[in-house]
Amino acid sequence: MDTPASTPGDSLTSAAALAVAAPDGTLTGWSTGAERLLGYSAGEAVGRLATALLASPLPDGVRERFDRQEDWTGHVVLRHRDDSAVECRLRARPLPSGDGRAGWLLEGIREGDENREQDPLIRWSFDQSPFALAIYDTEGRFLRVNEHMTKQLAATERDVRGLRITEHMPDPAFQAPEQSVDHVLRTGEPEHIENYVKVPGEPQAHAWTIHFTPLKDSLGLVHGVQQAALDFSEQYAARERLALLDEASRCIGSSLDVARTAQELADVAVPDLADFVSVDLLDAVLLGDEPPAVPDDGPLVLRRVATRPVTKAVVAVGELSRYPEFSPIARSLATGRGTLHQVGEPEVTHWLAHDPVRSAWMSRQHAHSMMVVPLRGRGTNLGVVFFARLDPSAAPYEQADLQIAKELAARAAVCLDNARRYTREHTTTLALQHSLLPQGIAEQVAVDVASRYLPADSKVGVGGDWFDVIPLSGARVALVVGDVVGHGIHASAAMGRLRTAVRALADVDLAPDELLAHLDDLVVRLKSGPEAGTGAPFGEFGATCLYAVYDPISRKCSLASAGHLWPALVTPDGTVDFLELPTGPPLGLGGLPFEAVERELPEGSLLALYTDGLVEAQHRDVNTGLQTLRTALADASPSLETTCDRILDTLLGERPADDVALLLARTRALDNGHVAFWDLPADPAFVAEARSKATAQLHAWGLDDLAYVTELVVSELVTNAIRYASAPVQLRLIKERTLICEVSDASSTAPHLRRARIFDEGGRGLMLVAQLTERWGMRHTGTGKTIWAEQPLPE
């Protein structure tokens with residue numbers, strides 16, 4: 001048999017237990033070390049089959065490696081000459097021959113002998129290493145483990161020798177280390193993993209950093225793997241705590257909603273810090289109010305706002321939760337300190353004895369460790385957060401866990417207090433805005449109306465949209481819709497000032513274009529006046545407005561726009577169109593004119609006035625929104641309320657991103673049965689005839705009870721028109737919810753109410769009109785003016 005020159009002679013004469021076998025397994029060489037190991041002399045061993053020295057057969061996998069002529073190192077049991085068993089580590093290396101077959105160089109080391117043959121420092125470094133060390137053979141089976149590793153394995157080296165990792169620890173969590181051993185044996189490259197697992201020798205799971213290193217000879221052949229494992233649970237916990245705080249900074253406080261912020265706190269804490277979390281708050285926090293002092297002589301009542309997981313909660317979200325004054329929850333909120341507790345402690349036992357429902361929950365969920373941390377924001381008590389561990393294998397809470405819980409609670413408390421303060425401001429602003437909007441719309445003769453107002457999503461804040469329906473003289477009505485740019489209390493205040501100004505200007509019966517011009521001047525003065533630099537509402541805001549006046553007698557509607565969207569018109573035949581208006585500039589630019597247009601509307605026409613929040617909702621562009629509105633109006637219901645709801649359902653999501661105001665008005669018409677008018681010559685002699693005609697008309701309407709006052713009013717107004725104004729003069733009576741008497745002339749001079757002195761011949765007429773009627777006034781027309789007076793109809 002041909003062998004390398006350096007191997008047979010020198011090796012066989014060495015003290016090592018060496019043998020050489022031919023390709024058929026017959027021993028051809030035997031060293032003194034082998035004789036010392038098994039007791040056979042060279043003469044007795046040479047010529048035997050190597051397998052005859054085995055006390056037990058080799059595994060099939062080893063035989064396959066021999067067939068492939070591959071190196072192998074592993075644990076075997078040999079038979080001594082005296083028939084005793086000798087456990088040793090056998091290393092087999094192929095010795096190529098010229099015919100393509102290979103002989104074998106066999107090296108055996110008795111278990112324990114290698115320690116005696118090694119340098120003591122090397123042996124001590126293995127046994128005393130702070131790492132848990134293990135050496136695996138080429139089959140991935142344990143060969144050696146040090147003392148630290150035996151503690152983790154809860155087994156001796158003899159117990160695990162020859163086993164693979166999962167054969168000793170079948171938990172699926174140990175498949176990763178076993179796969180790493182196989183990978184290192186296959187590739188010869190080191191590998192590093194981190195594993196969080198409970199080993200047999202520890203009561204709880206630990207974090208391990210594990211290095212797998214190939215063990216190679218001088219030729220680079222892999223003959224085993226060394227594993228070095230270090231428990232880095234403390235560093236792992238610190239890293240996880242930092243990661244948890246980082247996640248909390250990103251996730252908690254994403255909105256200004258109290259309940260959502262509380263739920264974000266619970267979501268962040270589970271499962272990294274707790275198996276169960278509940279957040280209970282004082283009711284005042286949810287309302288945006290200042291929380292009251294915590295009672296120290298009675299039970300603490302909190303509202304459950306958030307839990308995680310929901311299925312394990314003993315108190316549902318939204319329900320009240322009561323805690324005795326001696327409970328850890330009540331004491332934590334009263335003292336402002338977070339506390340650690342274990343089930344079974346006297347304080348916890350005393351609490352649960354008075355709360356059988358929670359006691360049963362603790363038992364059912366296997367809770368064993370808990371933390372209670374108060375939520376305090378800027379010195380204000382907000383509530384309490386409760387953390388619990390339910391997994392029996394989880395470690396009890398420690399001070400490091402309590403510190404993290406306090407930091408989470410501190411961050412959440414600031415966000416909760418911000419949300420509480422915003423809730424208070426939002427509620428105040430919303431209340432202000434609702435108080436400034438119409439509190440119910442009185443029934444009108446000219447139109448049937450329905451309206452809707454939706455505030456913006458709470459993240460945006462209440463805006464300055466408004467609408468109004470203003471009764472005017474002559475049975476007419478003004479329809480108004482406007483939008484103050486911006487959100488918040490300043491926008492609401494600005495809206496209130498604009499609405500008040502519109503009502504004041506409408507009361508003097510200005511035409512739509514004139515009213516908008518006066519309103520524009522007002523906004524300019526407010527923006528540039530001394531208030532503008534002190535955070536006044538108009539310092540930063542602009543506004544748009546649409547003003548329309550409808551006359552049910554002529555069925556004419558006059559409209560003017562200050563930068564506002566065109567109104568929609570639905571005619572009785574179902575046609576939908578948008579009234580094209582010469583849109584003027586938004587209010588506050590100043591110096592630019594406004595223009596009104598007049599349209600005659602068929603009786604039963606539907607006018608839709610709205611703000612841009614309606615058509616720009618759900619991220620639409622305006623044109624798309626207008627087409628959607630057109631479609632919704634084409635299917636309008638006879639009921640205006642139903643139509644309002646259908647429009648909002650079609651165009652809006654759950655919560656609009658901007659305020660929405662919608663005003664629908666269906667027009668009516670007053671026929672000749674409700675209106676009578678006469679053209680009068682400018683001759684005082686016809687005053688008596690005017691009184692007579694008015695009296696006759698009241699008799700026809702069945703209003704004889706109003707004849708006396710009406711005669712006085714007609715006499716005074718017609719006399720003034722003939723004496724002080726110019727022709728043509730017209731008298732008109734309108735019967736609707738009141739009796740309206742109107743006298744029109746061609747003069748623009750307005751009469752003034754004044755108190756007459758004793759010897760004055762004039763000044764008493766208008767005073768009598770004012771005293772005898774419900775109200776009176778004057779409006780300018782395109783050809784002059786109209787003086788009017790109203791009387792209530794008899795019941």
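For the reader, a short list of remarks on this structure follows.
- With respect to being outside the structural domain of TRP566 (by TED's automatic domain parsing) and either without any contact (Cβ under 8 Å) to a residue 12 or more places away in the chain or under 28 Å from LYS556 (Cα atoms) (or both), ASP649 falls outside the description.
- Considering ALA419, ALA506, ALA442, the condition of being at pLDDT 90 or above and over 26 Å from VAL615 (Cα atoms) is satisfied by ALA506 alone.
- ILE193 falls short of the stated requirement of being surrounded by 18 or more Cβ atoms within 10 Å (Cβ to Cβ), outside the structural domain of GLY318 (by TED's automatic domain parsing) and more than 30 Å from PRO374 (Cα to Cα).
- Among (1) at pLDDT 90 or above; (2) closer than 19 Å to TRP776 by Cα, the one test that ASN720 misses: (1)
- Scanning segment 285-319 for residues that are more than 24 Å from the chain's Cα centre (by Cα) and either not assigned by TED's automatic domain parsing to the domain that holds ASP257 or not β-branched (Val, Ile, Thr) (or both) gives GLU290, PRO291, PRO292, ALA293, PRO295, ASP296, ASP297, GLY298, PRO299, LEU300.
- Pairs with Cβ under 9 Å, 6+ apart, first in segment 537-548 and in the same structural domain as GLY486 (by TED's automatic domain parsing) and surrounded by 24 or more Cβ atoms within 10 Å (Cβ to Cβ), second modelled with pLDDT of 60 or more and of a type in the set (Phe, Trp, Tyr): LEU546/TRP566
- Residue count for segment 762-795 satisfying the condition of being part of a strand (DSSP E or B) and not hydroxyl-bearing (Ser, Thr, Tyr): 13.
- Subset of segment 264-276 that is touching a residue at least 24 places away in the same chain (Cβ under 8 Å) and part of a loop (DSSP other than H, G, I, E, B) - its residue that is surrounded by the most Cβ atoms within 10 Å (Cβ to Cβ): ALA274
- Tally, over segment 152-181, of residues that are of a type in the set (D, E, K, R) and crowded, with 16+ Cβ neighbours inside 10 Å: 4
- Residues (among the small types (Gly, Ala, Ser) and under 24 Å from ALA501 (Cβ atoms)) located in segment 575-607: GLY584, GLY588, GLY590, GLY591, ALA596
- Residues located in segment 552-561, provided they are touching a residue at least 60 places away in the same chain (Cβ under 8 Å) and crowded, with 21+ Cβ neighbours inside 10 Å: PRO552, CYS557
- Residue within segment 231-248 that is in contact (Cβ under 8 Å) with a residue 40 or more places away in the chain and crowded, with 20+ Cβ neighbours inside 10 Å present: yes
- Here VAL279 clears all of (1) more than 22 Å from ALA410 (Cβ to Cβ); (2) assigned to a strand (DSSP E or B) except the condition numbered (1).
- Verdict on ARG630 being in the same structural domain as ALA456 (by TED's automatic domain parsing), under 30 Å from the mean Cα position of the chain (by Cα), surrounded by 14 or more Cβ atoms within 10 Å (Cβ to Cβ) and among the basic types (Lys, Arg): no
- Test: residue in segment 137-147 that is surrounded by fewer than 18 Cβ atoms within 10 Å (Cβ to Cβ), basic (Lys, Arg) and assigned by TED's automatic domain parsing to the domain that holds SER125: no
- So ALA173, is it under 18 Å from ILE135 (Cβ atoms) and not aromatic (Phe, Trp, Tyr): no
- Residue that is surrounded by the fewest Cβ atoms within 10 Å (Cβ to Cβ), among those in segment 24-63 that are charged (D, E, K, R) and at pLDDT 85 or above: ASP24
- Every residue from segment 248-273 that is of a type outside the set (A, V, I, L, M) and modelled with pLDDT under 90: SER249, ARG250, CYS251, GLY253, SER254, SER255, ASP257, PRO271, ASP272
- Residues that are crowded, with 16+ Cβ neighbours inside 10 Å and assigned to a helix (DSSP H, G or I) within segment 282-320 comprise ALA284, VAL285, LEU286, LYS312, listed in sequence order.
- Scanning segment 244-263 for residues that are closer than 17 Å to LEU286 by Cα and assigned to a helix (DSSP H, G or I) returns VAL258, ALA259, ARG260, THR261, ALA262, GLN263.
- LEU614 vs. criteria surrounded by 12 or more Cβ atoms within 10 Å (Cβ to Cβ), in a helix (DSSP H, G or I) and in contact with a Gly (Cβ under 9 Å, 6 or more places away or on another chain): yes
Results for (1) under 22 Å from CYS545 (Cα atoms); (2) not aliphatic (A, V, I, L, M), shown as yes or no for each residue.
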| residue | (1), (2) |
| --- | --- |
| ALA636 | no, no |
| ARG646 | no, yes |
| LEU651 | yes, no |
| PHE677 | no, yes |
| LEU680 | no, no |
| LYS693 | no, yes |
| LEU703 | no, no |
| GLU711 | no, yes |
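- Among all residues of segment 206-216, there is none that is exposed (fewer than 13 other Cβ atoms within 10 Å of the Cβ) and either on the phi > 0 side of the Ramachandran plot or free of Cβ contacts under 8 Å to residues at least 12 places away in the same chain (or both).
The values are calculated or read from the model by the stated rules, or taken from the named source; none is laboratory data. All values reported here derive from a predicted model rather than from experimental measurement. Quick reminder, even Gly has a Cβ in these numbers, built from the backbone with ideal geometry, and neighbours come from all protein chains shown.
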